[in-house]
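Below you'll find the structure, written out as structure tokens, and then a few comments.
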């Protein structure tokens with residue numbers, strides 16, 4: 001966990017790789033040279049032979065070398081709930097997942113609604129020297145949905161966009177003002193689209209499954225109602241709005257129509273919503289209690305369709321650590337959320353393995369697309385850019401087991417799932433922050 | 001005395017719900033219950049089938065009737081019965097459901113009878129203990145012994161379950177009694193109707209195998225059994241119904257609506273009743289039609305059968321030597 005930076009003159013050549021840069025539609029054999037923290041050169045001309053003598057050579061054995069993943073939706077729980085997760089545990093989990101940059105939600109304690117907390121997170125993450133951590137600022141003070149947070153100052157301090165995290169901005173008036181005000185600074189607002197009075201008290205998707213289990217339902221319309229309302233507010237304000245983790249066919253259709261009409265709207269989804277449906281709740285499995293809830297098979301297929309036709313712009317892990325005391329409870333009392341950093345790539349690659357998307361499409365949703373949404377550097381190969389990379393084997397099979405994940409909390413909805421696609425190593429600023437061969441598995 | 005031929009085994013460790021039980025398993029429970037009905041009517045009711053066994057009634061929700069019924073059942077079988085009522089507030093103070101389970105497990109209980117306000121809580125607890133667990137009602141999920149006692153009552157009166165038309169009326173959405181009865185009666189070949197305002201029906205309830213009616217008069221047309229459910233008065237705060245007066249007018253059982261049912265139709269209610277809310281007092285007390293008291297009697301027999309069948313047989317044959 002060294003936070004020492006790489007010496008400026010140190011050069012490493014990653015050769016014999018399959019170079020994948022989704023932004024440039026690049027998929028070819030070749031190599032990449034880093035110098036210090038930066039990418040010096042890349043392309044098919046870089047081979048093991050003919051390199052200067054002082055260059056360290058890493059043979060990638062034909063595996064895929066890609067820009068590191070950019071995860072736009074992560075909860076790290078520090079400060080305030082370090083028993084569930086910390087910047088360090090989240091950083092290690094992210095690195096193991098091939099993620100070189102992540103953006104954390106402001107729902108910490110204290111809330112990231114103040115410049116000092118943005119700086120605290122940035123400083124702590126820098127010292128750890130793992131995955132790069134960016135922050136969302138709160139839209140409203142204390143995430144209370146009443147008064148606007150100091151978005152301008154927060155942005156100056158480094159907040160990349162604004163959201164009330166796992167809570168919707170409920171008041172239409174507050175949302176209108178947030179969109180109007182953020183527009184002044186060219187900032188993006190991210191909404192958790194859920195109409196709270198409809199979702200209130202609900203435990204899982206409303207439908208036959210909830211009825212059988214005697215659990216209270218969250219109707220699918222709770223999502224689309226908030227989406228439709230906010231689309232009107234974008235129209236009114238010309239603001240930029242992004243919907244997080246869409247889960248229903250209706251909401252995706254609403255965004256599809258809005259995009260066709262030219263509104264400045266974008267959205268993402270998370271692996272559970274294209275890889276699982278409400279049946280995962282099974283016999284009261286609280287690890288499958290998510291917000292928004294897992295929906296029907298029809299909705300799951302609509303999410304895949306939304307990705308395929310570019311209605312959905314990106315995939316974020318929606319990593320939500322919850323400890324045993326919050327999950328080993330009767331379903332209604334258990335906390336919402338699942339972890340996702342270490343399964344983000346493998347579960348997303350199911351879309352590729354199942355023939356629903358190309359390998360470059362999947363990488364695009366996880367790299368340059370979220371980077372562009374949030375104006376982050378990275379997510380693509382570029383000479384002179386930070387050397388944030390991952391090497392992965394898209395076919396290697398493994399089984400997700402909660403105790404083998406390095407996240408502090410183990411609440412994965414994918415426990416026992418056989419998946420394909422494994423990160424071999426992860427590089428941040430030219431430094432190896434994760435290496436599968438050195439990682440202790442099954443500790 | 002217990003007949004020696006009832007050596008049939010109930011192949012489940014716990015009784016958590018009716019969903020998933022097969023017709024022979026339900027028949028086994030009902031037949032065993034039947035034997036206890038006769039015994040319970042004798043002056044000497046005490047048995048020794050559970051001698052030396054400990055039954056703990058663990059109630060996380062207030063209950064008088066069900067708890068008493070289980071207590072009586074355990075005692076009549078000669079077991080030691082302990083009642084534990086855990087107020088939800090003390091659980092909130094720190095001890096979790098699973099802590100409680102571990103504590104009781106360490107006391108070597110043989111059967112835990114559990115009621116909990118959260119759906120699935122009894123299942124969760126059953127995964128953490130070594131003894132048999134009987135679900136005495138979990139949230140809006142299941143209340144299997146209630147469905148069994150209802151079925152026993154019906155079978156004794158009508159001679160069968162298969163082919164009967166049964167209407168379940170009232171707050172289906174929040175009712176574990178309704179769910180268990182839907183599963184049981186469907187499994188046994190009855191045809192089911194659900195009668196309720198749309199606000200008191202859960203999503204996709206017809207998928208459980210029932211015909212849904214919002215007009216009680218039509219719903220009761222030609223039925224053999226009218227099963228009423230209790231309406232919690234807090235449903236009004238949740239804007240599910242406007243008032244008791246209106247609810248009774250459209251969904252309360254009175255003679256006028258009952259006239260649509262078969263002349264011999266039975267009236268059932270799991271209790272406790274809200275007279276004048278879901279059922280007219282006169283109807284409830286009409287013992288030519290109402291079998292509400294009999295349901296309570298059957299409850300003890302059914303719970304004796306459940307306790308008996310879930311208690312693993314002692315290695316020595318002595319236990320069966322009544």
## Note on the structure
Here chain A gives, from Cα atoms, an Rg and Dmax in Å of 21.0, 69
### Task
Starting from the Cα coordinates of chain B, work out the convex hull volume and express it per residue in Å³.
130
## Note on the structure
Cα-based Debye curve of segment A:8-73 sampled at q = 0.18 Å⁻¹ gives log₁₀ I(q)/I(0) of -0.64
### At R0 = 41 Å, FRET efficiency that the Cβ-Cβ distance of residue A:260 and residue A:354 yields, to 0.05
0.90
### Message
Please compute the Kirkwood hydrodynamic radius over segment A:171-228, one decimal place, Å, based on all pairs of different Cα atoms.
### Response
13.1
### Relative contact order (%) - segment B:144-295, alpha-carbon pairs under 8 angstrom, separation at least six
23
### Task
Please sort A:262-271, B:113-122, A:350-359, A:89-98 by packing, taking for each peptide the average over its residues of neighbouring beta carbons within 10 angstrom, highest first.
A:89-98, B:113-122, A:262-271, A:350-359
### Folded to 0 to 90 degrees: helix A:115-128 orientation relative to chain A principal axis, Cα
40
### Query
What is the antiparallel percent of DSSP beta bridges lying wholly in the protein assembly as shown, to the nearest 5?
35
### Query
In whole Å, how far is the Cα centre of segment A:275-349 from that of segment A:63-93?
17
## Note on the structure
For segment A:328-377, the convex hull over Cα atoms projects on average to an area in nm² of 5.5
### Task
For segment B:110-223, count the residues as N, evaluate 2.2 N^0.38 Å, and divide the Cα radius of gyration by that value, please.
1.15
### Message
Looking only at chain B, where both bridge partners belong to it, what percent of the DSSP beta bridges are antiparallel (to the nearest 5)?
### Response
5
### Summary
Within segment B:43-86, the residues whose backbone N lies under 15 Å from a label point placed 7 Å from the Cα of residue B:107 along the Cα-to-Cβ direction are B:53-60, B:71, B:80-86
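What number does segment A:353-429 give for Rg over Rh if you use C-alpha atoms and the Kirkwood radius?
Result: Rg/Rh = 1.01.
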### Task
Based on other C-beta atoms within 10 Å, arrange B:14, A:83, A:45 from fewest to most.
A:45, A:83, B:14
### Query
If one takes the longest principal axis of the Cα atoms in chain A, at what angle in degrees, from 0 to 90 and to the nearest 10, does the Cα axis of helix A:172-184 lie?
30
### Query
In whole angstrom, and with the biggest value first, how far do the Cα coordinates of segment A:221-327 range along each principal axis?
44, 26, 22
### Task
Determine Rg/Rh for the protein assembly as shown; Rg is computed over alpha-carbon atoms and Rh is the Kirkwood hydrodynamic estimate from the same atoms.
1.06
### Query
Thinking of segment B:144-295 as a set of Cα atoms, what percent of all their pairs are more than 24 Å apart?
23
## Note on the structure
So the compactness index of segment B:165-211, its C-alpha Rg divided by 2.2 N^0.38 Å, takes the value 1.00
### Query
Fewest first, what order do A:365, A:398 take by the number of other Cβ atoms within 10 Å?
A:398, A:365
### Query
Normalised by the residues of chain B, what does the relative contact order come to in percent, with Cα pairs under 8 Å and at least six apart?
21
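Where a number appears in this text, it was derived from the coordinates with a stated rule and is not lab data. Here the structure is a predicted model, which is why all the values come from computation and not from measurement. Neighbour counts run over all protein chains shown; Cβ positions are idealised from the backbone, glycine included.
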